[in-house]
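A.B. asks: Take this structure first; my questions come after.
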Amino acid sequence: MTVILNLPIARFQFELQARTVLSFPPYAGSTWRGAFGTALKRTVCVTRQPSCAGCLLQRSCVYSQVFETPAGAEPLLSKGTAAPHPFILHPLETSGRQYQVGEHLRIQLTLIGQSIGHLPYFIHSIQQMGEQGVGAKHGQYELLGVWQERCLGTEAWELVYPLAQQSLQTLEALMPPLPIAPKQVQVVLKTPFRARQSGRLMDSEGFELPVFLTGLIRRLSLLSAYHAQTRLELDFKALTAAARQLAAVETKLQPFEWTRYSSRQQAFIAMDGLVGQFSLVGHDWQAFWPWLWWGQWVHAGKNTVMGQGQYQLENVA
């Protein structure tokens, strides 16, 4: 059965200039995500309630829909309390870096489905982040401009919001055509992939390809249902059974250890994940090719909003 994914995805890069010294931890995704959430809530929340739960505006508020996406009647989330978030804030090269006054840096924001229409709120929030300060030392920056990728995966960027002109002109969200499934492909984990199986965190010795694949299908189908109002008719039981027959080859995975501070729990939390690569060969895995191809732009595993779980398909034969 041919699966067609009608899920708009757009990637934006924000060009920034340091106003004070900026310092970031070994993985900066959590730093950017935390500052973004605080700034967005300050920008759009009108009730000033401490929690979105029970708020009259919960299902119409931009912050709630994007940052604390409420679960609905979707059967796939019958045991959960929240839907997948329609954004990814990628730290790009800022992880582990320090920037001096005047230096330029970039972060990337991926928007999915209806959240693309909320871009002006996000631009304003990222501007506010620069005034309030980010990181442990609350370093400040100014926004210079916003760039959009013309078509996913091309790395061709066009300036859509030059700050001097105060005019936002976005491009149509274009998805590249799905190529024919190759006989062999290498999956390269660019940022830490984090997932659990049977209550434990997967490590380099216990990586399970079926968990990776079924989690990816679940994520894409839920994003489609919640943020593009398109429910995919899939036989999850059959797909899960097929995935369990597969195994990765040439697996070279290493642990990536880092911690983040949770203001809610007032404690440091381990966020270990996996980076590296593995390969898929033969014909049996090709039924999962569309999901692998599309998943490159929505990431895989847990904590994707922080930029984790980014992977790239390489060496396609």
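A.B. asks: Determine how many Å³ per residue the convex hull of the Cα atoms of segment 158-317 encloses.
C.D. replies: Values: hull volume 28.3 nm³, N = 160.
With only Cα atoms used, segment 158-317 gives 177 Å³ per residue.
A.B. asks: Compute the helix-to-body angle for 29-44: its Cα long axis versus the longest principal axis of the chain, expressed 0 to 90° and rounded to tens.
C.D. replies: 60
A.B. asks: Next question. With unit charges on the beta carbons (Lys and Arg positive, Asp and Glu negative) and the dipole taken about the Cα centre of the chain, which residue among SER198, ALA300, SER167 sits farthest to the positive side?
C.D. replies: It is SER198.
A.B. asks: Nearest 20 debye, what's the magnitude of the dipole of segment 168-295 about its Cα centre given +1 on Lys and Arg Cβ and -1 on Asp and Glu Cβ? If you can, show how the numbers build up before the last one.
C.D. replies: Details: 13 positive and 10 negative charges, 62 e Å.
Once rounded to the nearest 20, the dipole reads 300 debye.
A.B. asks: Something else: Any idea what the relative contact order of the chain is, in percent, if you count C-alpha pairs under 8 Å spaced at least 6 apart? If you can, show how the numbers build up before the last one.
C.D. replies: Values: 618 pairs, mean separation 75.4, N = 317.
Relative contact order of the chain: 24 percent.
A.B. asks: Right, something else. How large is the accessible surface per residue of segment 251-308, computed with a 1.4 Å probe and reported in Å² as a whole number? Display every interim value, and only then the final one.
C.D. replies: Details: 2700 Å² over 58 residues.
Accessible area per residue: 47 Å².
A.B. asks: Follow-up question, since we're still on this one. State whether segment 1-150 is rounded, prolate or oblate according to the following rule on the C-alpha gyration tensor (a ≥ b ≥ c being the square roots of its eigenvalues): a/c under 1.5 gives rounded; otherwise a/b larger than b/c gives prolate, and the remaining case gives oblate. List each step's numbers first, then the result.
C.D. replies: Numbers: a/c = 2.07, a/b = 1.50, b/c = 1.38.
Since a/c reaches 1.5 and a/b is larger than b/c, the shape of segment 1-150 is classed as prolate.
A.B. asks: Something else now. For the chain, find the longest principal axis of its Cα atoms and tell me its angle to the long axis of helix 119-132, 0 to 90°, nearest 10.
C.D. replies: So the inclination is approximately 60 degrees.
A.B. asks: Sticking with this structure for a sec: Can you give the angle from 0 to 90° between the axis of helix 209-227 and the longest principal axis of the chain, with both taken from C-alpha atoms, to the nearest 10?
C.D. replies: So the helix axis and the longest Cα principal axis differ by about 50 degrees.
A.B. asks: Might you tell me the accessible area per residue for segment 1-143, computed with a 1.4 Å probe and given in Å²?
C.D. replies: 45
A.B. asks: Which one, LEU163, LEU119, LEU222, has the greatest fluctuation when you compute a Gaussian network model over the chain with C-alpha springs under 10 angstrom?
C.D. replies: Top of the fluctuation ranking is LEU163.
A.B. asks: So if I place +1 on the C-beta of Lys and Arg and -1 on the C-beta of Asp and Glu, and nothing else carries charge, what would the dipole magnitude of the chain be about its Cα centre? I want it in debye, nearest 20.
C.D. replies: Working: 26 positive and 21 negative charges, 171 e Å.
Rounded to the nearest 20 debye, it is 820 debye.
A.B. asks: A further question on this structure: Give the Rg/Rh ratio for the chain, taking Rg as the radius of gyration of the Cα atoms and Rh as the Kirkwood radius, to two decimals.
C.D. replies: Here Rg/Rh amounts to 0.95.
A.B. asks: Can you tell me the Rg and the Dmax, both Å, for the Cα atoms in segment 1-66?
C.D. replies: Looking at segment 1-66, its Cα Rg and Dmax stand at 17.0, 55 Å.
A.B. asks: Report, to the nearest whole %, how much of the accessible area of the chain belongs to carbon and sulfur atoms, 1.4 Å probe, protein only. Working shown, then result.
C.D. replies: Working: 7610 of 15380 Å².
Within the chain, the accessible surface is 49 percent carbon and sulfur.
The values are calculated or read from the model by the stated rules, or taken from the named source; none is laboratory data. Keep in mind that what you see is a predicted model, and the values were worked out from it rather than measured. Ideal geometry is used to build each Cβ from the backbone, glycine not excepted, and the neighbour counts take in all protein chains shown. Only protein heavy atoms, including side chains, enter the accessible area calculation; ligands, DNA and RNA are left aside. Shrake-Rupley method; radii C 1.70, N 1.55, O 1.52, S 1.80 Å.
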